[in-house]
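**Student:** Before anything else, here's the structure in question.
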Amino acid sequence: MTAPRPPQRPPRPRTTPPRRRPPQGARPGRSRKQDERPRWGMRVATGLSVLVLGAGGIGHAVVSNLEGGIGRVDPFKDMKNRPQSGHGTNLLLVGTDGRDTITKEEKRKYKLGGAPCHCTDTIMLVHLSADKQRASVVSLPRDSYAEIPPHTDRTTGEKHSSRHPVKLNAAYAEGGPTLTVRTVEHMTGVKIDHYLEVDFTSFMKTVDAVGGVQICTARPMKDSYTGLDLPAGTHRLDGGQALQYVRSRHVDVASDLGRMQRQQKFMAALIKQATGNGVLLNPVKFQQVSASVLGSVRADEGFGTEEMLALGKAMKDFSPASSEFTSVPVGNPSFPVKGIGSTVQWDEAKSKKLFQALREDRPLAPVKPKPAAGAPKPPAATLVEVAPEEIRVQVYNGTPKDGLGKDVDAGLRATGFKTTNTPLNGELRNLERTLVTYDPRWDRSAKSLATALPGSELKAVKGQGAVMEVTAGSDFTKVRPVRAETKQSGQFGTVTGDEAVCP
């Protein structure tokens with residue numbers, strides 16, 4: 001006899017209205033005219049977070065519902081003679097300087113006034129490896145010298161029947177997403193598979209939704225143009241502070257190139273925060289963060305629910321170490337062009353090798369040797385302003401203790417300092433406190449060296465030259481590991497995400 005079936009549970013009432021796909025190129029709640037206005041697009045880190053927060057462990061219905069909020073564009077319309085597809089997936093992440101969604105209070109607080117140029121403020125080419133185990137991010141300077149293909153200027157209506165020189169960020173102003181994609185493909189030889197465009201509102205909300213992002217700096221950072229004011233040390237930035245951090249151009253002499261490095265560092269920190277605090281495994285948190293991200297994103301029609309689900313599942317074990325960052329090699333940072341001004345000219349040979357590596361799905365950073373099984377984790381290195389690899393050191397033994405100079409020399413060399421490997425006996429033989437003498441012209445290098453020797457005394461000696469001198473005292477115990485904020489390596493000057501985040 002068949003057992004009676006238990007009563008069926010009545011279906012739950014639907015709490016989320018059915019998803020309706022907006023018309024192509026439009027965004028829910030906005031008129032077509034509003035949607036066509038450029039977004040601020042700052043920061044491309046938001047675009048990458050769409051991938052990182054992909055859909056690992058989250059149901060199809062949740063992602064499908066979120067996907068309905070993405071604005072759609074067609075950046076590949078009528079494109080011909082495109083590069084051949086390589087291995088893996090290539091995404092163009094674009095941030096524009098539109099200010100239409102910024103409140104008056106935000107403009108005042110974060111110094112976002114001024115008229116926009118309606119051009120791309122940030123451009124990054126992201127390559128996801130075919131096995132979904134690696135993301136390679138290449139920053140393209142916005143002032144790069146570019147020759148954009150024939151087109152009709154969408155603002156002036158002027159027809160360009162042949163290529164003409166511009167700064168790369170002007171391609172968006174003259175022809176929107178399509179001309180931007182065409183120009184980047186022509187310059188790199190890399191076929192773009194997907195296009196993502198973001199704005200500043202989504203950036204700040206995303207940072208706040210994940211609980212802020214931790215940033216470390218070895219020196220104070222102050223920029224009167226953005227209002228950034230960070231003392232040296234470790235900071236957890238909220239959305240507004242993060243916005244100031246990634247926008248700042250006037251904190252060092254590197255200007256835009258330095259800003260690109262900070263954007264990359266921030267993206268690595270965002271990945272660490274998003275993948276390390278359970279966002280991907282918490283449906284409520286995932287929905288909050290994703291809604292913030294996707295609410296102001298524009299993407300091509302091909303980047304939909306199924307693509308996000310597949311990408312998220314493949315990247316569920318993603319971590320900062322899975323990402324690598326670099327900028328396109330520069331040959332001339334101040335290449336003058338009549339009628340345009342100073343542009344950034346790429347190094348043709350090196351950039352060609354870089355983009356060939358992307359097409360061939362090869363890592364840009366040198367392969368790191370795997371630690372031996374059971375080997376202890378090395379101690380975290382303290383951040384310093386000048387990389388130890390750039391500092392030359394002569395070690396002296398200032399005590400009667402045999403071999404002390406050799407121990408200090410070996411310890412400094414192990415953390416990267418360029419020691420002579422020939423320690424000597426000092427004139428002082430009863431020194432109690434380790435002494436670092438240096439030429440005042442190399443004071444920043446001296447501070448980095450002193451950080452590696454806790455408790456040491458710094459003494460300026462005019463005319464000493466570029467070589468630092470360390471006289472070991474009886475107080476010496478060990479050398480503290482130190483490293484620069486970003487340690488670039490390999491032929492493409494790459495830094496991996498785990499090297500860019502706080503120790």
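**Student:** Quick one: in region 117-141, of everything that is part of a loop (DSSP other than H, G, I, E, B) and modelled with pLDDT of 90 or more, which residue is farthest from F492 (Cα to Cα)?
**Tutor:** The residue in question is A130.
**Student:** With the condition being charged (D, E, K, R) and in contact (Cβ under 8 Å) with a residue 12 or more places away in the chain, I'd like the strands (runs of 3 or more DSSP E) fully within region 419-503 carrying at least 2 qualifying residues. Spell out the reasoning first.
**Tutor:** Working: elements: 435-438, 457-460, 468-472, 482-484.
Because the criterion is at least 2 residues that are charged (D, E, K, R) and in contact (Cβ under 8 Å) with a residue 12 or more places away in the chain, the strands (runs of 3 or more DSSP E) in region 419-503 that meet it are 457-460.
**Student:** Suppose we filter region 171-201 for residues that are over 30 Å from D361 (Cβ atoms) and either among the hydrophobic types (A, V, I, L, M, F, W, C) or in a helix (DSSP H, G or I) (or both); how many remain?
**Tutor:** The first filter runs over region 171-201 and keeps only residues over 30 Å from D361 (Cβ atoms), leaving 173-174, 199-201.
Subset that is either among the hydrophobic types (A, V, I, L, M, F, W, C) or in a helix (DSSP H, G or I) (or both): 173-174, 200-201.
Residues in region 171-201 being over 30 Å from D361 (Cβ atoms) and either among the hydrophobic types (A, V, I, L, M, F, W, C) or in a helix (DSSP H, G or I) (or both): 4 in total.
**Student:** Can you tell me which residue is nearest to T206 (Cα to Cα) among those in region 217-269 that are in contact with a Lys or Arg (Cβ under 6 Å, 6 or more places away or on another chain) and small (G, A, S)?
**Tutor:** G227
**Student:** To continue, here is another question. Among the numbered conditions (1) in contact with a helix residue (DSSP H, G or I) (Cβ under 7 Å, 6 or more places away or on another chain); (2) open to solvent by 10 Å² or more (accessible area, probe 1.4 Å); (3) within 29 Å of G258 (Cβ to Cβ), tell me where I148 comes up short.
**Tutor:** Of (1) in contact with a helix residue (DSSP H, G or I) (Cβ under 7 Å, 6 or more places away or on another chain); (2) open to solvent by 10 Å² or more (accessible area, probe 1.4 Å); (3) within 29 Å of G258 (Cβ to Cβ), only one is false for I148: (2).
**Student:** Can you name every residue in region 339-352 that is loosely packed, with under 13 Cβ neighbours inside 10 Å and part of a helix (DSSP H, G or I)?
**Tutor:** Across region 339-352, the qualifying residues are E348, A349.
**Student:** Assuming L48 fulfils every condition listed in (1) at pLDDT 60 or above; (2) buried (at least 20 other Cβ atoms within 10 Å of the Cβ); (3) aliphatic (A, V, I, L, M); (4) within 30 Å of P363 (Cβ to Cβ) apart from one, which condition is it?
**Tutor:** Only one criterion in (1) at pLDDT 60 or above; (2) buried (at least 20 other Cβ atoms within 10 Å of the Cβ); (3) aliphatic (A, V, I, L, M); (4) within 30 Å of P363 (Cβ to Cβ) is unmet by L48, namely (1).
**Student:** Suppose we filter P400, P336, P376 for residues that are assigned to a strand (DSSP E or B), open to solvent by 80 Å² or more (accessible area, probe 1.4 Å) and either of a type in the set (A, V, I, L, M) or free of Cβ contacts under 8 Å to residues at least 60 places away in the same chain (or both); which single one remains?
**Tutor:** P336
**Student:** Next up: I'm checking my understanding of the structure. Among residues of region 151-200 that are closer than 22 Å to P83 by Cβ and among the acidic types (D, E), which one is most open to solvent (accessible area, probe 1.4 Å)?
**Tutor:** For region 151-200, the residue satisfying everything is D193.
The values are calculated or read from the model by the stated rules, or taken from the named source; none is laboratory data. As the structure is a prediction and not an experimental result, all values here were calculated from the model. Positions of Cβ are generated from backbone atoms using ideal geometry, with glycine treated the same way; all protein chains shown enter the neighbour counts. These area figures cover heavy atoms from the full protein model, side chains too; ligands, DNA and RNA do not enter into them. Shrake-Rupley method; radii C 1.70, N 1.55, O 1.52, S 1.80 Å.
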